[in-house]
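Where a number appears in this text, it was derived from the coordinates with a stated rule and is not lab data. Quick caveat: nothing in here was measured; it's all calculated off a predicted structure. Note that each Cβ is placed from the backbone with ideal geometry, even for glycine, and that neighbours are counted across all protein chains shown.
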Amino acid sequence: MIASADVRVGDVSGLLLRPADARLLYVLAHGAGAGMRHPFLESLAQRLADRSVATLRYQFPYMERRASRPDPPAVAAATVRAAVEEAARVAPGLPLVAGGKSFGGRMTSTAQAEDPLSGVRGLVFLGFPLHPPGRPGDKRAEHLAQVRIPMLFLQGDRDEFADLNLLKPVVKRLGAGATLYPVEGGDHSFHVLKRSGRTDADVMTELVQAIVDWSRQLI
């Protein structure tokens, strides 16, 4: 049985999806251009629930207001912190990991680097946005050196927001606690080309398996 419940995360909305046999809760933030009910996150949350991983998705304030411009990092990081606190309240005793899609993942690591998120054992990034498209660089990853918990980077090898030739050395510098999982043929949204012989559903299965395998080692 999988229970779904609307929750409040500070002043914004959240959605808890918790299977009866949950062994872990992933505090899951959305990307810059779509909210917590985006089909990608809906599918990921459902498939994780099928594998005994609960999720708490939530909105950033700008998305709640239906504004186009993302919140400043300080506001976003405060929202991440509120979401983690709510996750601990609604699922006491469940181990926590946090992160999310693109912007949401980066804001989670920003919060963690500034002040460790209480109870969070690791971070999971779904397409870490290392740089804007066409402007390669690794400045956005500088704060990751201050993160002292394990990190999993799930990254498409066609992601225009993260040249793997730049991301690989970043992850290597972070040491044994950081793991890079390249997704063959995936772009920033983890879409794959038809000629690859794989489907987006295949990739989703791969992402979920990678998260499950990594989290088993974590807890």
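Can you give the alpha-carbon Rg of the chain over 2.2 N^0.38 Å, where N counts its residues?
So the chain has a normalised radius of gyration of 0.94.
If you place +1 on the Cβ of every Lys and Arg and -1 on the Cβ of every Asp and Glu, how big does the dipole about the Cα centre of the chain come out, in debye to the nearest 20?
100
Any lysines with Cα under 27 Å of the K139 Cα? List them, leaving off those in the same chain fewer than 8 positions away.
By straight Cα distance, K139 reaches K101, K168, K172.
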